[in-house]
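The values are calculated or read from the model by the stated rules, or taken from the named source; none is laboratory data. Source: prediction; values computed, not measured. Ideal geometry is used to build each Cβ from the backbone, glycine not excepted, and the neighbour counts take in all protein chains shown.
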Amino acid sequence: MVVEATHLRADAQRNLERILEAARAVFAEEGLEASVADVARRAGVGTATIFRRFPTKDELVAAMLEQELVAVIARAQAAVEADDPTAAIAEFFSAAVEGFIADRCFCEASGGDLFERPRMQELVGELTAALEQLLRRAREAGAIRRDVVAQDIGFLINAVGHAGLRLEHTAPGAWRRYVEIVLAGLAPQGGGKLAHKPPTSQQLRDSKRSR
């Protein structure tokens, strides 16, 4: 009986891993409008299996977002330990925006009701603390404006990420130019020539149409 129980727990764990992996893929592609049925098909399980573990769609999305936010925190903490705080800020900022572009759901949900949940607020606090440490190192090295705070970084990541996601289908990669502009603005003394070209007027117009 013990062996059977262990086997059942192992099966349940595998199902959970498949569900969360499928949820990340489906919601990243389709955003918050994706359905639990879409996730079930991708995971190869029935919707009842998902609802036994996650009573509502919001619970499933929250579990997935929690995993994504934990990964962002890990990147921020690694940046704190990097030898070059200037490069670390640039790499973290760019990776965070790229994460928004690659994961439509994370981008759409950021700042919304799901982030008001206690666990998510706890994780946001951890991320803010890591960013404050990173900025402190950068200020000491003279690598960033002294008036920039962690909340500024979060706001700018959200702004570039949301706008970049809307533009991605008409001007892929254009968001990188705006990351450069932001990073140049964060530097204590301007920045060098931008390496990425701006989107064309037509691309900007096309981005405003329905996807």
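Below is a table of values for the structure above.
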item	result
Of residues in region 192-203 being small (Gly, Ala, Ser) and over 26 Å from the mean Cα position of the chain (by Cα), the one modelled with the lowest pLDDT	192
Test: residue in region 182-189 that is out of contact with any Pro (no Cβ under 6 Å at 6 or more places or on another chain), surrounded by fewer than 15 Cβ atoms within 10 Å (Cβ to Cβ) and modelled with pLDDT under 90	yes
Failed item in (1) modelled with pLDDT under 95; (2) part of a helix (DSSP H, G or I); (3) within 24 Å of residue 86 (Cα to Cα), with residue 148 passing the rest	(2)
Identity of the residue in region 21-33, surrounded by 18 or more Cβ atoms within 10 Å (Cβ to Cβ) and hydrophobic (A, V, I, L, M, F, W, C), that ends up nearest to residue 43 (Cα to Cα)	22
Any chance residue 73 is out of contact with any Lys or Arg (no Cβ under 8 Å at 6 or more places or on another chain) and modelled with pLDDT of 90 or more	yes
Options 62, 88: the member that is touching a helix residue (DSSP H, G or I) at 6+ places or on another chain (Cβ under 6 Å), under 25 Å from residue 13 (Cα atoms), of a type outside the set (Phe, Trp, Tyr) and without any contact (Cβ under 8 Å) to a residue 60 or more places away in the chain	62
Residues located in region 43-82, provided they are farther than 21 Å from residue 29 by Cα and β-branched (Val, Ile, Thr)	49, 73, 80
Breaking point among (1) of a type in the set (A, V, I, L, M, F, W, C); (2) in a loop (DSSP other than H, G, I, E, B); (3) surrounded by 20 or more Cβ atoms within 10 Å (Cβ to Cβ), for residue 143	(3)
Helices (runs of 4 or more DSSP H) (entirely within region 1-86) containing at least 3 residues that are assigned by TED's automatic domain parsing to the domain that holds residue 109	57-81
Region 52-102 - residue that is of a type in the set (Val, Ile, Thr) and within 25 Å of residue 32 (Cα to Cα) and, of those, surrounded by the fewest Cβ atoms within 10 Å (Cβ to Cβ)	56
